[in-house]
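Only one structure is covered here, and it is reproduced in the block below.
The values are calculated or read from the model by the stated rules, or taken from the named source; none is laboratory data. Predicted model only: the values in this text are computed from it and were never measured. A quick note on method: Cβ atoms are made from the backbone with ideal geometry, for glycine too, and the neighbour counts reach across all protein chains shown.
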Amino acid sequence: MTKRVPPLSLFLMAASFGGATAVQAQMTGDDGEVVRQARPSQSVENVLREEHALFSDRLTIEPGINYSYSDRSQLALRGFLALDAIFLGNIDVDTVESHITTFDINTRYGLTDRLEVGLNLPFVYRSSTYQSIGADNDTEQNEETSVDESDVGDISLTFAYRMLPETETRPDLVWNFAVRAPTGTDPYGIATREAGDNLFVPTELPTGNGVWGVSTGISALKTLDPAIVFANLGFTYNFEESFDDISATDGDQPGDVKLGDSIRAGFGTAFALNERFSLSLSYAHEYIKKSETTTEEGGTREVIGSDANVGVMSLGGTYAMSDSTSLVTSLGVGLTDDASDVSLTFRMPFQM
């Protein structure tokens, strides 16, 4: 009696050194559905876990660390032109360098061969350096100060449900759903302080979004020997929340905040080079709509500059150190102005 194959079973041919053994380990049922008699290699399971869903009946505890860096520069001219050639006024060049390090533990468990649940617990450390050039009309005069913050981030609960298993003609389809709780420090009502003649910085940095959010989407994965291709499409909805203060100025200004919803899509490919090692290349893009604030005095207004296009190209690799422990790495490079310049991730999943 055969069992239904989890995604990537056909990839055993590429991940195994003995071709005859791989052929014996997989076959096709009467209904055209891929079936197997042996468990896929560890490198294949690593690709499943990181890019799709594993649906394993073993508990997976996955500690990880992610570091991202970005910098933004803005030129501000405050004055006027004399004789259409000479600028009279202040020239300010403001630069913000952001470092975000996130430590998290991601726990996953397959309740059945079609349903998987997960829980992500993050801890965030942020450090931002603010620089201003051009104070007092002097381009040689620089000002600089740093602000850092550490706290729990937003906790999320995830569900993955296999809608259709992979066959020779169709990909493996999984529906994903997630709930995000506002357990981190929210970014609203943070006061600013004067850090120099021409420099104002926030007194603290946020570690969360401050609002509840739900995400849903579809991911697909298909084995195309000797590679695997995957793609995903998703949507995130942020609930409107009320806060006692949403202004950075002195005094409380109560109001409602509706963070912009987002649409995301991604695709990529992976190769299991042998039983323990795999490589992947992927691209992810997310469009975030403008946020809105509502106050008694000003009504509802869009927050200018709050929309974003985030595009990231990622190169990843997994190495199975044992049958129950793996090392996962990923390097992401931002391709749009709103994305982080670079991000580096290390994860180490343990299967109990």
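Restricting to segment 298-328, and then to whatever is surrounded by fewer than 14 Cβ atoms within 10 Å (Cβ to Cβ) and under 30 Å from Ile288 (Cα atoms), can you tell me which residue is modelled with the highest pLDDT? Of everything passing the filter in segment 298-328, Asn309 is modelled with the highest pLDDT. For segment 280-289, indicate whether the set of residues that are farther than 30 Å from Thr329 by Cβ and of a type in the set (Asp, Glu) is non-empty. No, segment 280-289 contains no residue that is farther than 30 Å from Thr329 by Cβ and of a type in the set (Asp, Glu). Filtering segment 258-276 to residues that are surrounded by fewer than 17 Cβ atoms within 10 Å (Cβ to Cβ), under 20 Å from Phe230 (Cα atoms), touching a strand residue (DSSP E or B) at 6+ places or on another chain (Cβ under 6 Å) and of a type outside the set (Ser, Thr, Tyr) leaves Ile263, Ala265, Phe267. Kindly check whether there is at least one residue in segment 275-286 that is at pLDDT below 90 and assigned to a loop (DSSP other than H, G, I, E, B). Yes - at least one qualifying residue is present in segment 275-286. Pairing each residue of segment 104-122 that is touching a residue at least 12 places away in the same chain (Cβ under 8 Å) with any residue that is exposed (fewer than 14 other Cβ atoms within 10 Å of the Cβ) and of a type in the set (D, E, K, R), provided the two are 6+ apart or on different chains, yields C-beta distances under 6 Å for Gly110/Asp57. Being over 16 Å from Ala265 (Cα atoms), among the hydrophobic types (A, V, I, L, M, F, W, C), in contact with a Leu (Cβ under 9 Å, 6 or more places away or on another chain) and touching a residue at least 24 places away in the same chain (Cβ under 8 Å) is a condition met by at least one residue of segment 324-345. Out of all the residues in segment 162-183, which are small (Gly, Ala, Ser) and touching a strand residue (DSSP E or B) at 6+ places or on another chain (Cβ under 6 Å)? Listed by number, the list holds a single entry, Ala178.
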